[in-house]
Structure formats: C-alpha cells, structure tokens
Amino acid sequence: MSATGNPRKRQQPPTPATPSPQLKHQAAMEEEELDEDVFLEETLLQYEEEDSQRRALADRLAKWKRPALSPSLLSQSQNIVFQQLEIDYVIGDSHKEFLPSSSGPAAIIRIFGVTREGHSVCSLVHGFEPYFYISCPPGMGPDDISHFHQILEGRMREANRNSKVPKFVRRIELVQRRSIMYYQQQSSQPFLKIVVALPTMVTSCRGILDRGIQIDGLGMKSFMTYESNVLFALRFMIDCNIVGGNWIEVPHGKYKKTARNLSYCQLEFDCLFSDLISHVPEGEFSKMAPFRILSFDIECAGRKGLFPEPTHDPVIQVANLVTLQGEDQPFVRNVMTLKSCAPIVGVDVMSFDTEKEVLLAWRDFIREVDPDIIIGYNICKFDLPYLIQRAEVLGIAEFPILGRIRNSRVRVKDTTFSSRQYGTRESKEVTVEGRLQFDLLQAMQREHKLSSYSLNSVSAHFLNEQKEDVHHSIISDLQNGNSETRRRLAVYCLKDAYLPQRLLDKLMFVYNYVEMARVTGVPISFLLSRGQSIKVLSQLLRKAKQKNLVIPNVKQAGSEQGTYEGATVLEARAGFYEKPIATLDFASLYPSIMMAYNLCYCTLVTPEDARKLNLPPECVNKTPSGETFVKSNLQKGILPEILEELLAARKRAKADLKEAKDPLEKAVLDGRQLALKISANSVYGFTGATIGQLPCLEISSSVTSYGRQMIEHTKKLVEDKFTVLGGYEHNAEVIYGDTDSVMVQFGVSSVEEAMNLGREAADYISGTFIKPIKLEFEKVYYPYLLISKKRYAGLYWTNPKKFDKMDTKGIETVRRDNCLLVKNLVTECLNKILIERDIPGAVQYVKNTISDLLMNRMDLSLLVITKGLTKTGDDYEVKAAHVELAERMRKRDAATAPNVGDRVPYVIIKAAKGAKAYERSEDPIYVLENNIPIDPHYYLENQISKPLLRIFEPILKNASKELLQGSHTRSISISTPSNSGIMKFAKKQLTCIGCKALISNSDHTLCSHCKGREAELYCKSVANVSELEELFGRLWTQCQECQGSLHQDVLCTSRDCPIFYRRKKAQKDMAEAKLQLDRWNF
Amino acid sequence: MAAAAAPVEVDSGNGVLQRKQSIYKSMDESFEIQKEMYRGQQYSQIYFARLHLMRTLLYSLLPTWKPHLPICTVLGLEEGKECIIVGTLYKHMKLKPSILDEYSKERSASPLVKPHNFVHSDDYLVLEDESGRVKLRGSLLLPSVYVTGIVVALHGKETGAGDFVVEDILEAGLPHQIELPLNSGEDKYVVFISGLSVGSSSANPLHFQLFVDHITGHLGDEKEQGIAAQIVQVVVAGNSVEFPRGLLNGQNLGSKDQSRLSEPIKELDILLTQIAAGIALDIMPGTSDPANFSLPQQPLHKCLFPGSAAYNTFRSCTNPHSFELDNVRFLGTSGQNIDDLAKYSDAKSKLEFMERTLRWRHLAPTAPNTLGCYPFTDRDPFFIEKCPHVYFVGNQEKYESSLIKGSDGQVVRLICIPRFAETGTAVVLNLRNLECHALSFGTQFSS
C-alpha cells in the first residue's frame, strides 16, 4: 500500500523520490505488521487533452481492449462472480446507502479480480471494521465497560489530534474467548472486543493499552492485546472466509454500480461485506480466470562505463508481451522505441520521436490492455522504478498513473525485506494498485538455489537455452545507429520480455502461487513480499477463529530467548560402501511428531500449572526436552489439527491428481499438493522463529527432541533385530542418520534383497511409533560414498532393475565461487566411481586433468571464477580479488569495466612471489589476448584439492600423495606473456617445429635433424588445426543459433555463457594454428 | 594448367599397348585458402555472400516464374498480401545436437544413443534475409527435405500470426552446362576409388594391391589389359589412411608411436607410387586423412608422399575437387557434404541428396551451420556456377549411380563411390558416353 501525503500536495510538480531515511523502520516488516491507511482523494485529476497523435495511438491500442460487457452485466441483473487477485483498502466516507447509520471516514476494502469472461472487476466493500481483543479484567460490568470506553476514547483523541474522526473507538463488546496460549481447563473467559474507526488506530490503541491506562478502581493497568497485529486486509479475508486467489460472488441486487468511476475496471461497484459469497476453491471454483499477464522489459541508453541512471540516461525501448492465463502464445507483442525502428515480423513496432511519447505510450498501453499481473525480470528493483524516476526527471507528471485507480500515482519506495530464511534484501517497492506484480527474479531467489540469478543463466538452467547478452555499453551504439540497429536492439529487448513469461509457464508459477495462497489463505502478493510466518499465522488465525480462540500479540522477545538443540545427526561412518545401503525415511517427521504428541500452544502446560492442576499422568505427555503437553482427549491442539487438514488435503490432491486428465487441472492440483507439503513443513519453523509472530520454543524444542529420540530408537531397533543371531544373513549396521532418515547397511549384496529388508524394517519399526509417525522405505543407495555428515553421493535406486539417478549432497560443485573445472572434475569423478565403478579410471582422469592444468592445456573458461560486485572498492573492508580487478579494468577502459551490480569474472594469474591473491586476479579476455600465464598452483591448491580429497579420502589410501604429488605434476608449461616488460626487448626467432631448435633460414620449417620426421610432425600440426577448426565451427554456429540470425555478426558478450571464453579462445588459437600450418608452405 | 600423363607402356605378351591420354585442367583454385587468414571474421559473411549471389540469380528467374507477383523482403511483408520473398532457409531442429549440451547440468543415467539422423516431426523452417526472419508454414515445403543454408524464392502470404504460408517454391535449379564434347568414338576410362583406410583393421591390403595391379595392367588377359590401357585418370576421393587419433594430443610421441603414426602413410605412398608411375592420379583429402577439418579441405601435403610426389602424374587436390578431362567437367567431394545432409534431412537414397544439391545450386548448404567450413568473407566457393558432367561423392556405403537430365538439356552423371576398405569396390566411368560401372575385388582363401 503506497503512502500518500495530503491531497493538495499531489497537484504540485512531483519532487524526485529520494529515499527517506525514516522508511528504514520497515526493516522489521516481518515482526511488526503495520497497517498504513491510504486516503481516497477528494479531487480527481483532470484528464490532459488528447491530441490527434495520441488518438491515433489510442486506435492502435484499442484492439487489445477487454471483451465488452454483456447486457445483463450492464443492467446489473446478474450475479458477479470473479476470481480475486488483490485485496487492499482505502479510507473514504462511509457509504450512505449501505451504512445509513454511520458517518465519517471509514475503511473501504477494495477487491480486484477477473471474471470468467475476462472482465476486470473492482469491488468496493463497505462495513468491515478493524478490531482487536484484550482480556477483560475480572469483575468488569457493562457500566465499567462504557466508562473504559470513554477513557480510551479520550486517550485516543489525545494521541491523534489531527484526525477529524468523530469517534475513534466505535464500540467495545464483551465476548467469550480463550487465549491460545497454554492448556486451560475452563473453556472460555470474558474478553473485550475493541472496534476502532480506522485500521491504523489498532496500532495506536494497542500502544496506549500496552503502556497502561488509568482506570478508576483498578489503578494504572496495562493490557495484553490479542490479534492486534493482523493486517486489516488479512483480517477481512479471515473473517469472510476468503483465501488468496479464490472466487467471490456478489448476488445481483446486493451490489450497486459506483456513482463515479474511480477505477479503470469494467465492473466497479459498492457492496456490503456481509453480502459477499466466498467460494471454496473446489470443482468449478478451482479453475483460473483468464488473467491478462503482461511481461515487459526496458532498455536504457547508458553512458560509457556507467550503469544507467534515471537522472541521466533515457529509456529507449519498452517491449511488451501480453498473454492470457492458460494460453501458450501471447496475444499482444509490441515494442515501443525511441526513434525509428525497422519492422519486426509478428510484432507491433511503435516508434516515437521523444522519450516522453514513449513513456506516455506505455502508460496508455497499460491502461488499455489492463493487465492483471505484471511480470518481468528484476522489474521491482529496476524496470518499474526506473520508468517512474525517469518520468519524474523529465517532468512528465501524468506518467505514473499505471494502476487501476484513476487518479492515483505510482510512487517508488525503498524497502528492506528481512527474514531469517531469505536474509536481508534491499529492494524498491512500487505499488501498482489493482495489479499484481510478479518479479521472476524474486521468485527465483526464493524458490531455487542457483549459482547465478542472471536471466541468462536462469533460462539456461530451466529452459535449456542461452540468451544473447548485449553489453550495456553497446546498447547506446545500437541506439545511435540507424533503424536497423535499433531493430536489432528491439529483438533483443523482446526476447528479454518473452523469457520471463516462458519461465513463468515452465515453472507453473501462476498455479503454484495461487494454490499456495489458497492453501494458506494469504493474498498472493504476500507470497513474494513476505516471509514464511505470515502464511502459518493466517492459518492459525483462521483455525483459532473457528475454535473461539484468540492469539496474543507477544512482545518481541528478540533472540535472547535462546536457542535450542537442533536436529540430530548420527555419527557418519565415512567410507565407500559397495554394498546396497537402504534408506529409511520418516515421512513428514516434524508434522507427524506434532500430531502424534498433540504439541500445540493450547496443549502446553506451564510448569506451575503442571503442579497446580495435578493432571493424571495418563493424560499428559512429557517430552524428552522436559515440557508437558496434554493429550488430545483433554484438549485437541489446533496445530495438529491444521497439520492433519493439510496432510489430508494433500493426500486428496494427490489422489485427484492421479485421476485428473486435463493438463490445466493437473497443474492446479500439483501446485496444490506442493503448497500443502511446504505449508505443513513450515508450521514447525513458525514455532521456532524467535523473532516471529508467536514463537514457542517449548514446542519446537520438543519436536526436535522427539526427532532425535526416534532416530536413536530406529538405529537401536535395526541393529538389535537384523542380526545373525536373529536369523538374518548378516548383522545390519546403521552407517549414518540425519534429521529424518537413517541409512542402513543390511550386508546383503543385491539391491533387491536390500529393498526387501528395508521394507521389512520400516514396517516393523513403524509399528512401535505412535500414529501418524511412520517410517518409510524409499530408496537404496548403491554404491554409496559417505564423506562426512551432510556430505555424500550415491546411485539412487527405487526399483531393483535400474537406478534412477545419481544423488549427491553437500559435495558441490554448485557453489558460485568455484570455477567450472571443479564442478566438471567432481562430476566426472563421481560418474566414474559410482556409475562406471572404475576407481583407477577416476584417478587417471584426475591425474590427466591436473597434468593438463600444469601443462597449460586447460580451456580457460573452466578456470573463470565469478563474483558479484555489490559495492565500489572503497566500501569493501578487505581487499577482494574481483573488486581490485574491477578497479584495474576501469583504469584500462572505463567503458567495458564492470560496474556495481555486474558479476566480475576473473582468473588467477602468475605473478611475483608473495603477491596476494587479490593482486593476481585478471580479466579472462585480457589473459587470452596477451598470453598471460595463469597460476596452476592456485587452482590446484585453492580450488580443486579440497573437493577432490573429500571424495577420494574414503576410497584411496594416501589420496593426497597419489593425486596431487605424483609424476604427472612434474612437467609444467607456462605461456610467455606478450605484453610484459622483458618481452618488449626480446627478438622473435623461428624455431624448428620438431625440436624447437633455432633455425636461421626462415624458409625452413624443420631443422636438418628433424627432417626425417617430416610426415609425423606435419600430421601433428595439421591435426591441431583440424581439431581447432571443428571447435571453431561448432562454437560460432552455436552463437548464431542463439542470436537467431545467420546474416548478422554475433555481438553477444554474455560472460555467463559457458562457451563465451571458449569461442574467443578458439578464434585466437585458430589464427595462430593456421599461421603455424602455413609455415609448411607448399 | 594442363599436365599430360606420362606415356607408360603396359606389359603384354604380344606387344606393347599404349596408354591413352587426355587433356587435364584443374579447376580447384576457388577451393584454395592459402591466402586466407583468420582475422576474427564470423560466419555471417559467407551467408551474406551466398544470399547475395543466389538472390541475384533467383531474381533473374522470377520474370519467367511468376511475373505478376511483387517481390518483398521479410520486413516488408504485409498481412494477407501475396508476394515473393527470397532468403536463406533455416531449419529449427529439436534434436540437433548443440555444443552447449556438454555443459548441461545433469547427465542422464544412460548415455544418449547418438542418432545418425536428427530429423524430427516438430522441425520447422524459417526464412531469413538481412532484414529478419519469418516462420514458414504450408504443406508444400517439407521440413524434412530442406536444410539450413539453402537460398530459395517463396510465393505465399503472411498470416495474422506472423507466419508465412508458402504456396509455391522456386529453387535455383541446375546451372548452365557447357556442351558435352562430341565423343571421338574412343573409350577412355576414369577410375574412382575412396575409403582405402590404409592402417585400419577393416582394410585388406591384398584388395588394394589387386586394384593397383589391375589398373596398371599387371593382371588379366590381353583384353583386360587393353581396357586397363584405356584408363586415363584415377581419382582417390578421400579417407585414404586411418591412424589412431588419440596419438595426436599435443604430447611428444615415443618412437613406437611415431611409427604407428607414419606407417599407414608410408604404405599408402608405396601403393600410390605404383599407380602414379603409370596413370595420372588425383588424391583428395577426407575426414580421416591428415588434413584440415573444415571444407574446403586443402591438398594433402607432399611431404607425406615422398615416393609418389616425385611423379608429375601425381596431383594432391582439394576437397571439393573440380577438374576437366577432355572438356568433360568433373565435380566431387569426399562425402562430407552428402553425409551431413543425410544427418539433417531425409531422402530415399544418397543420389537424391546429390541431385538436390545440384538443384539448390549449392554443393554444401549445411556449411557452416553443421558442416565445418572456413569463414569466407567475400565469396562462397560452394556455389555451383557451372553444371558438371560428372558429379561424384566418396565414402558412401554402396555403389550407386544415375544419370539426370536438366530442363536446359543438362546431363549429369551422379556417382556414389563406396568405401573401398569395406566393399572392395571402385567405380569406372567411360568418358565417351558417361557410362559407369563398379569394379569389385574379392579374395577367398580356402582353408
């Protein structure tokens, strides 16, 4: 929700959005769910006059309008059914007709959505009031309450002097509720429900009650508040049983078209919150409405050597694709360009003479095509803020009306998002009212652990496609060329706009996110902008409401509350196991434990209560960590109940998934079962998040302690039962156990036998646990290389015939700071060891690779290390290789040097003895061009030795000696740099190709001594050329393929592309090899 | 430059047979890249040169093909308007292997079986000119027949979806042919052989010796010797030797490996010397020979043939190779161009692929896309300017031959030369009437 000042201010020319320091307090978004009120404006902005040129554009855009309304919708004689995507609220006057009894400002809920026919809807919902609870002090009668009301009203008035609200505290009701915390014998207690006028007043009222209030007869008293930190929109959704992304129906006659259209939506109406019908997302209502998804990308003309800044650099192109949800082709493809641009087949190219026209055209386009979801790559941090800030710089006041509300300008706000799981991330927030933003970059960072998040590597990873990357220093040159070069740029820009859409489709983000919102009940926009805990809180609140429970607003305890013992890991018996290892897994261990032992806030018995209540021992569970919880016959916990529902729903979804035939339905169901699984697993984390909403370490530490116990128990049972004495062929041995799995070596040599024993063990041990805790047998590892805890590799078998895949954990390879060589080497070795079962082969491979490295025969691209440049050199405390290099490159050529935000690739070169690693970093291109020798020992010692030894130590004796010090490390070859000082004085002389002896006669290729070996030596030269030619051809035609054009030169400079350096090197080597071959002149 | 074969006498019991002679003219110049350099040029230039060359040609044909239709560029297409566009075809292929696959994250459990053909039913064609690309539709233009790199003219119209629906296709067609010289009534033979693979396990040295003895007239009765005397030219079309590639990894070789490397070449030289002593001999490089990889492959170095190179009858040629013999024009390759077409398109026989290249007027359309080729900057040497009378391709599975006739009266003899090491078969062509037959050698040992 965007912050707005007072309405008058808006008509003045907008001031550049400088990030105000006070916004920093938002850092704690996760802890403090603050509502901010948004005031509806009184005066609508006047429309600027459309000139003829604009009208022409409008005609062009008009064909993409949404479908027209049917007569029954126009006459309001039909129920309106729509899928909502966004819910927020504004402050406006209470509706005279719907709420005749109230007056003054009130919160109006706005629901944006789309009908089945594709009409956009804005529903203004009236009558829902913000409230929270406090526990009623004992002995308070109705008179006392009204007195209390007066005092509170008075204090509120003091605190909010500027507010013109007639009545702050609307009413106080006496209700019967119970706190969710701790087991209580009585079923309910009196609580006071305090209803206030505006959502922000919840916070201010809570503050007053927290600090204490003077009450006659009771003295100064402070109150614990309940559910006072629930966002207003979420409160509304919970109370109306609305979950994120579900369908809502408003019966005809219950809604009324708004007198004055405030939004651009086709259907805009007022209604009462109690008239809404919220549909459970099942059957017909599990479908998706045909949302309009806009994917866009902008290009800016940066100055040489600088990353584009909105204060200087113009926006030159905007590419847009609009797709209807569920269809595989976009129905709008266009690009808006500054200055002329040659046409592109299948794309609407719109060219303009000024930047202002480009920006306004884009705004008009947004308004006309009216997208429900805006996607792109890094749009939240870059594209959207850039457009808005650029419009401010150019003084285009009318630009940022991109939302669905007529007069509301979009603003840029700096926010910091921090969460334990995702870490702290600075970001910009641009709220486009009524339109959901989905930044694929954010989604990727949340959902997938990748070594790089550039659009290029992400699409290479998921779409198996390399993206052409045009360096931003070239963009300006293309822009300043002619309409053909601008077309080139436009094609590139379109591709960048298309890739996010394809990623969205490929990864089923729409389905998965909508389902997650439906399962957890939060608005879709929360899923990207907030952490995990809001999702659990939403479920908890919903469940608590059903049970008449209220959730206290616990003060932030901070991290002092201490930590607790985590999951257990059984000692790993490192080694290379050539017999099948069966793996026994606990299915959803932590949720099962919580269900089995009825662990919840409301079943926890405090130590005092335990003494006082004197509960019979058969009614309580004492957890291994020493806490007491009552069993479900006394009080069923609500966390277990939530979990049961989630898991039952998942089972159902999975069963339906098997039945489903329609691919779209399948996608929905698969998204749902995934969301359910994730949600079930995050409940435990919620109770353990010490700076979360409602931490309860008694629960989380009990869960882990049970977990530990179970692992130990399993180990004991397996080793006791499966013995030679017990009638089995071998003694079983537990070689490793981690969190929720135990690895057992039964001693049998075939996968099938191991599977049978695994199943038997799982069934046997499951029988000893309380339901629903269940040990499952899933897979066999064979062979299995156990390196240490959390680090292993093995072939993964689920059927005795053929292994499914190679599974590795903790041995990677995926880490960003490693060069590709490490990854390749480790992968290849594991392949040889595990799949080919060829340990000597693996050793030989390592030796050959090391020898190649020392002999300078390594493909340079394998040695490139990449690090992100996050700030400028001065801001780093310690000197880092990539930062130093960036500085050096800037001195060489400012235009191509990396900037903050870029990733800096480098290799480590040979330098004077004792030089620090950061002084030895060099640009790979520079290294290639100048024949600078790399430092093989750095790679040997700092990059490959550790991962290699980890793998080989369990297998080989003296691994380090064997691999890293053998005879293969003796011969070394280093290239001579062509640019270093001494070489400038050296005179080049021809040498014999055979023996490198100097030859005086430049006509000869060989010395007299080698003359006899002519044929053999020639074969070698020509074989070298032949190899390079083949490589050259394959590399350069691949790049043509990526750029999608045969007749144009390849411009791509994507350093993320695995073949970028190889391509460069092949070109250079080819030229040299050809010259060498030509010495054998015919 | 004409070199006459040395007159050599053929042994005969009853006297002396004189070997026939003919006039030889090399046309390899355009395939030579001695003066070319790698200066950082890319492949766009050869495509551009090809498009320019072929487009001029196709434009000249348009007035007779469809004079009423306007000519458009890809960019100038308007929805629903019928027109003709000329450009380079690009085939989008699902199964096409990519060098990027080497970097793919996960190895599948079972190694991929390498298909020998990458055609898939989802493949589609795109037409590209300097201005842009357009996706092609229509049942007329079969993606399985065409490959990347061909320049054609298409008649059709753009649909709303941005596709171009093809209604008719115009290929460049067979080039102009110089008239076949009036035959003198004299039989003269040219012998083609390929895939000798000396040094490989499949090669039988005895077969090759029999072949040499046969064509040099050391075998058979008088009649056969008489025929042998009418052989005026031998063409060795690639893959003459085979040696372990693994040896050439940049490391210094031990003396044992040195000889493993040079032994096959020496053996080849000895046999070729026997031929060159009597008959004119052209040797072309192939994939397995010690030559460069990209087309055009440069002549095998004379230092490899210390024996045979001493004869002026011995010519080391380029691949592709073109020459004239008594004004009969020959054009041929060691097989790479046709093998590559067989990987990326479908046809009933290798001869059909050969015929297509003539009709497309391009010897190697898939170069550089899938066939290695030198990045030419200002020309495309694979463009077929003049129609040959004999078009041969080496290193095929079996002997095949046919005679095709062009619309302008062109007559071309197509020959697939089989791999000799595997089939023991060479091919003999009569220069007089372009008739052609296989010459097979076999040995049987009774035990």
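The values are calculated or read from the model by the stated rules, or taken from the named source; none is laboratory data. Owing to the predicted nature of the structure, the values given are computational and were not obtained by experimental measurement. Cβ sites come from the backbone with ideal geometry, for glycine too, and all protein chains shown count toward neighbours. Note: areas computed on protein heavy atoms with side chains; ligands, DNA, RNA excluded. Shrake-Rupley method; radii C 1.70, N 1.55, O 1.52, S 1.80 Å.
Hey, among the residues in the range B:198-219 that are assigned to a loop (DSSP other than H, G, I, E, B) and open to solvent by less than 50 Å² (accessible area, probe 1.4 Å), which one's nearest to residue B:443 (Cα to Cα)?
The qualifying residue nearest to residue B:443 (Cα to Cα) is B:203.
Which of the helices (runs of 4 or more DSSP H) found entirely inside the range A:449-540 contain at least 2 residues meeting this: more than 30 Å from residue A:227 (Cβ to Cβ)?
So the answer is A:455-462, A:472-480, A:483-506, A:509-520.
Do we have residue B:382 as more than 14 Å from chain A (Cβ to nearest Cβ) and under 22 Å from residue B:50 (Cβ atoms) here?
yes
Quick one: residue A:963 ticks every box in (1) under 39 Å from the mean Cα position of the chain (by Cα); (2) assigned to a helix (DSSP H, G or I); (3) buried (at least 18 other Cβ atoms within 10 Å of the Cβ) bar one, so which box is it?
Just one mismatch for residue A:963, condition (1).
Being assigned to a loop (DSSP other than H, G, I, E, B) and within 17 Å of residue A:236 (Cβ to Cβ) is the filter here, so list the residues in the range A:124-141 that pass it.
A:127, A:128, A:129, A:130 - these are the residues of the range A:124-141 that are assigned to a loop (DSSP other than H, G, I, E, B) and within 17 Å of residue A:236 (Cβ to Cβ).
Residue check: is residue A:313 over 23 Å from residue A:511 (Cβ atoms) and either free of Cβ contacts under 8 Å to residues at least 12 places away in the same chain or not in a loop (DSSP other than H, G, I, E, B) (or both)?
no
Which members of the range B:277-332 meet the condition of being of a type in the set (Phe, Trp, Tyr) and more than 14 Å from chain A (Cβ to nearest Cβ)?
B:311, B:323, B:330, listed by residue number.
Return the residue satisfying two criteria in turn: it lies in the range B:248-276 and is modelled with pLDDT of 85 or more and facing chain A (nearest Cβ under 10 Å), and of such residues it is most open to solvent (accessible area, probe 1.4 Å).
Residue satisfying both the conditions and the ranking: B:266.
Those residues that are over 20 Å from residue A:745 (Cα atoms), touching a strand residue (DSSP E or B) at 6+ places or on another chain (Cβ under 6 Å) and open to solvent by 10 Å² or more (accessible area, probe 1.4 Å), I need them from the range A:581-605; list them, please.
Selection gives A:587, A:597.
Residues checked against (1) part of a loop (DSSP other than H, G, I, E, B); (2) at pLDDT 90 or above; (3) within 14 Å of chain A (Cβ to nearest Cβ):
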| position | (1), (2), (3) |
| --- | --- |
| B:161 | yes, no, yes |
| B:169 | no, yes, no |
| B:173 | yes, no, no |
| B:183 | yes, no, no |
| B:186 | yes, no, no |
| B:192 | no, yes, no |
| B:196 | yes, no, no |
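Considering only residues that are open to solvent by less than 30 Å² (accessible area, probe 1.4 Å) and either without any contact (Cβ under 8 Å) to a residue 24 or more places away in the chain or in a helix (DSSP H, G or I) (or both), which ones fall in the range B:37-77?
Result: B:44, B:46, B:47, B:49, B:50, B:51, B:54, B:58, B:62, B:72.
Any residue in the range B:126-152 that is in the same structural domain as residue B:79 (by TED's automatic domain parsing) and modelled with pLDDT of 90 or more sitting within a Cβ distance under 6 Å of a residue that is open to solvent by 20 Å² or more (accessible area, probe 1.4 Å) and in a loop (DSSP other than H, G, I, E, B)? List the pairs, counting only those 6 or more apart or interchain.
Close Cβ pairs satisfying both conditions: B:152/B:171.
Every residue in the range B:124-150 that is within 9 Å of another protein chain (Cβ to nearest Cβ), open to solvent by 40 Å² or more (accessible area, probe 1.4 Å) and among the aliphatic types (A, V, I, L, M), please.
Those that are within 9 Å of another protein chain (Cβ to nearest Cβ), open to solvent by 40 Å² or more (accessible area, probe 1.4 Å) and among the aliphatic types (A, V, I, L, M): none in the range B:124-150.
This table checks each residue for (1) in a loop (DSSP other than H, G, I, E, B); (2) open to solvent by 40 Å² or more (accessible area, probe 1.4 Å); (3) more than 14 Å from chain B (Cβ to nearest Cβ).
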position	(1), (2), (3)
A:753	no, yes, yes
A:769	yes, no, yes
A:772	yes, yes, yes
A:802	yes, yes, no
A:811	yes, no, yes
A:823	no, yes, no
A:827	no, yes, no
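(1) more than 7 Å from every other protein chain (Cβ to nearest Cβ); (2) modelled with pLDDT of 80 or more: which one isn't true of residue A:966, the others all being true?
Every condition holds for residue A:966 apart from (2).
If we only count strands (runs of 3 or more DSSP E) wholly inside the range A:143-223, which ones have 2 or more residues that are open to solvent by 20 Å² or more (accessible area, probe 1.4 Å)?
The strands (runs of 3 or more DSSP E) meeting that bar are A:169-179, A:189-196, A:219-221.
Taking residue A:1048, is it assigned to a helix (DSSP H, G or I), modelled with pLDDT of 80 or more, facing chain B (nearest Cβ under 10 Å) and open to solvent by 10 Å² or more (accessible area, probe 1.4 Å)?
Spelling it out, it is not the case that residue A:1048 is assigned to a helix (DSSP H, G or I), modelled with pLDDT of 80 or more, facing chain B (nearest Cβ under 10 Å) and open to solvent by 10 Å² or more (accessible area, probe 1.4 Å).
Quick check on my filter: what residues within the range B:377-406 are in contact with a helix residue (DSSP H, G or I) (Cβ under 8 Å, 6 or more places away or on another chain), at negative phi, open to solvent by less than 10 Å² (accessible area, probe 1.4 Å) and part of a strand (DSSP E or B)?
B:391, B:393, B:396
Would you mind stating whether residue A:529 is touching a residue at least 60 places away in the same chain (Cβ under 8 Å), open to solvent by 20 Å² or more (accessible area, probe 1.4 Å) and either in the same structural domain as residue A:176 (by the TED database) or not basic (Lys, Arg) (or both)?
yes
Among the residues in the range A:781-792, are any touching a residue at least 40 places away in the same chain (Cβ under 8 Å), buried (at least 21 other Cβ atoms within 10 Å of the Cβ) and assigned to a helix (DSSP H, G or I)?
No, because not a single residue in the range A:781-792 is touching a residue at least 40 places away in the same chain (Cβ under 8 Å), buried (at least 21 other Cβ atoms within 10 Å of the Cβ) and assigned to a helix (DSSP H, G or I).
Mind checking whether some residue in the range A:1031-1038 is at pLDDT 80 or above, open to solvent by 40 Å² or more (accessible area, probe 1.4 Å), of a type in the set (D, E, K, R) and not assigned by the TED database to the domain that holds residue A:495?
Yes - at least one qualifying residue is present in the range A:1031-1038.
Inside the range A:306-327, can you point out the residues that are farther than 30 Å from residue A:117 by Cβ and open to solvent by 10 Å² or more (accessible area, probe 1.4 Å)?
Result: A:306, A:307, A:308, A:309, A:310, A:311, A:312, A:314.
Looking at (1) more than 7 Å from chain B (Cβ to nearest Cβ); (2) more than 20 Å from residue A:905 (Cα to Cα); (3) assigned to a loop (DSSP other than H, G, I, E, B), can you tell me which one residue A:1055 breaks?
Residue A:1055 satisfies all of (1) more than 7 Å from chain B (Cβ to nearest Cβ); (2) more than 20 Å from residue A:905 (Cα to Cα); (3) assigned to a loop (DSSP other than H, G, I, E, B) except (2).
With A:1021, A:1026 as the choices, which residue is within 8 Å of chain B (Cβ to nearest Cβ), under 52 Å from the mean Cα position of the chain (by Cα) and either within 19 Å of residue B:33 (Cβ to Cβ) or modelled with pLDDT under 70 (or both)?
The unique qualifying residue is A:1026.
Scan the range B:390-414 for residues that are over 25 Å from residue B:170 (Cβ atoms) and in contact (Cβ under 8 Å) with a residue 60 or more places away in the chain and jot them down.
B:390, B:392, B:393, B:394, B:395, B:396, listed by residue number.
List the residue pairs whose Cβ atoms are under 6 Å apart, where the first residue sits in the range B:154-176 and is within 10 Å of residue B:141 (Cα to Cα), the second is open to solvent by 20 Å² or more (accessible area, probe 1.4 Å) and outside any strand (DSSP E or B), and the two are 6 or more positions apart or on different chains.
Hits for this filter: B:165/B:138; B:165/B:159; B:166/B:138; B:166/B:140.
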